[in-house]
Amino acid sequence: MGRFAKVIRILCFGAAAAVSPALPAAEPILVGKEFAYTVRRGDTLIGVGARFAVSPQSLAERNRFRVTKKLVLGQVLRVDNRHIVPNMLEDGILINIPQRLLFYFVDGRLDAWYPVALGQPGSLQTPSGSYQVLAQEEDPVWEVPVSIQEEMQRKGEKVRKSVAPGPENPLGRYWLGLSLTCCGIHGTNAPQSIYRFQTHGCIRLAPQDARDLFSRVSVGTPVEIVYEPVLLARDANGATFVEVHPDIYGRADGDFEKVATRSRRLPSVRESDRWGDVLRNEECMATRLSASPGGNSTDRIRESTIELGK
């Protein structure tokens, strides 16, 4: 399913705490679950994947059909959208580029998470770094950047300098301006583009998710954008999980041997027969390697019950 993933660092070995409503900021967790989804009229594999943060390839493989297969009304799909939270923040937004996920934290606990679309590989990559929300705007006017106007001209499209609020506005109904001047966080009029690398650098949310996030944040909210293709974790029952994504921007340094070397606190990872296969397959979900009933509970993480988008 892709190239060997590369790694820059592993952020999944926080100390567990007693069960409580709030999770400490140093404690990574698992989100998502395995469930059955009944296909509705108009559903496509790409659309279902965009809604639940699962790649069409993973959905097809889990349900044992080709990725080109047309979905049938009433068909029941098996969905696994478990993901590892790269890190816990005290407050603010965390975006992990390879995961195509946005996590929102309040008072040291995960409050919501959403699938996002991000910048295309090449010159349109979404930058990583530390930023903050500088502006919130409902029903924004899209002032079309010169580079996109030039792209419109090359494609033979009508060149537009601005787009008024409405169904043709690619920003959707909600805009969060960032101290990252080239990009912002916004909605979309193309929801099937979510959970893909299709933007000009901005962070794009499904319409309902943009509305939800907009209602939670305020000017001054911190925003951390990280690049973590490979994540390791252990759940509350001692099961080891690995989540591997393609190094889509080619930013990572190292290979799976470095991951194994840095996994001393999870010896079952290197001993698992599935370790190499999971790294090679790049399944883009938290994949269970093995259970470790005798593992030290201080190396474990809790599994979140927060549903996607809230």
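The values are calculated or read from the model by the stated rules, or taken from the named source; none is laboratory data. These numbers come from a predicted model, not from an experiment. No Cβ is skipped: glycine too gets one built from the backbone with ideal geometry, and neighbour counts run over all protein chains shown. Surface accessibility is based on the protein's heavy atoms, side chains included, excluding ligands, DNA and RNA. Shrake-Rupley method; radii C 1.70, N 1.55, O 1.52, S 1.80 Å.
Of note:
- Residue-level check: of (1) under 24 Å from S215 (Cα atoms); (2) in a loop (DSSP other than H, G, I, E, B), V116 misses just (2).
- Selection from segment 103-129 of residues that are open to solvent by less than 30 Å² (accessible area, probe 1.4 Å) and out of contact with any helix residue (DSSP H, G or I) (no Cβ under 9 Å at 6 or more places or on another chain): F103, F105, G108, L110, W113, L118, G119, T126, G129
- Looking only at segment 57-102, and only at residues there that are assigned to a loop (DSSP other than H, G, I, E, B) and acidic (D, E), the one that is least open to solvent (accessible area, probe 1.4 Å): D91
- Candidate set: segment 178-237, residues that are open to solvent by 10 Å² or more (accessible area, probe 1.4 Å), part of a helix (DSSP H, G or I) and modelled with pLDDT of 95 or more; chosen: the one nearest to A135 (Cα to Cα): F214
- Screening segment 130-172 for residues that are part of a strand (DSSP E or B), small (G, A, S) and open to solvent by less than 80 Å² (accessible area, probe 1.4 Å) and picking the one that is nearest to H186 (Cα to Cα) gives A135.
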